Amino acid sequence: MCSQTKAAAVMANIQRADIDPSGVFKYIVIRVSSREEGDDSEIDIVRGYGWAEYHGDIYDRVSAELEDGGLLDCECLGGGRIKHNPDAKKIHVYGYSLGFGRANHAETTEKLKEKYPDYEVTWDNEGY
């Protein structure tokens, strides 16, 4: 019999990518891991929003929501910026976060391609 921890069950329902529907905005990658003993499951998620003045604003809000039940722990792996143009079906990932460093844009684009399979999703390390 296969048993799944409560944390793993919660993580299975977390969106891997959640970004604003359009615009240019900051984004971060968060590693979400189980706090349950004997459970080493983890996932990396992408979050990007225009309301955030700083990358840390996104981390503070998202990590607080995810860590609220006591089952999950969060760590920011880095950040950057996203330019999302829904009319052209294009997403471009670039730049870095002063506070968290540069996220792995290649991994970020893969997560975005899963959510937006009909988009052209590109990245580079240029810009801030």
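Per-structure values
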read-out	value
Top positive-direction residue, dipole computed over the chain with Cβ charges, set 72, 8, 116	116
Loop trypsin sites (Lys or Arg not before Pro), region 20-85 (other Cβ atoms within 10 Å of the site Cβ: 16 or fewer; DSSP)	35
Filtered GluC sites (Glu not before Pro), region 48-128: DSSP coil and at most 11 other beta carbons within 10 Å	53, 126
Net charge dipole size for the chain [Lys, Arg +1 and Asp, Glu -1 on Cβ; Debye, nearest 20]	440 debye
Among 69, 23, 50: highest mean-square fluctuation, GNM of the chain, C-alpha pairs under 10 Å	69
Value of [θ]222 nm, deg cm²/dmol, for the chain, DSSP H segments ≥ 4, -39500 (n - 2.57) each, nearest 500	-7000 deg cm²/dmol
Separation in nanometres of the label points that stand 7 Å from Cα toward Cβ, at residue 22 and residue 126	2.5 nm
FRET efficiency estimate (nearest 0.05) - Cβ-Cβ, residue 118 to residue 13, R0 41 angstrom	0.95
Solvent-accessible surface (1.4 angstrom probe) belonging to residue 6, in square angstrom, nearest 10	140 Å²
Nearest-0.05 FRET efficiency for residue 110 and residue 83, computed from C-beta distance (R0 25 Å)	0.90
Heavy-atom accessible area order for 55, 92, largest first, 1.4 Å probe	92, 55
Percent RCO, i.e. relative contact order, over region 57-117, from Cα pairs under 8 Å lying at least 6 residues apart	24 percent
Potential extension, residue 5-residue 90 segment - 0.36 nm per residue separation minus Cα distance	26.9 nm
Loop chymotrypsin sites (Phe, Trp or Tyr not before Pro), region 1-100 (other Cβ atoms within 10 Å of the site Cβ: 11 or fewer; DSSP)	51
Residue 77 - accessible surface, heavy atoms, 1.4 Å probe, Å² rounded to 10	60 Å²
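The values are calculated or read from the model by the stated rules, or taken from the named source; none is laboratory data. Because the structure is a prediction, the values reported are computed rather than measured. Cβ sites come from the backbone with ideal geometry, for glycine too, and all protein chains shown count toward neighbours. The accessibility values were calculated without ligands, DNA or RNA, using every heavy atom of the protein model including side chains. Shrake-Rupley method; radii C 1.70, N 1.55, O 1.52, S 1.80 Å.
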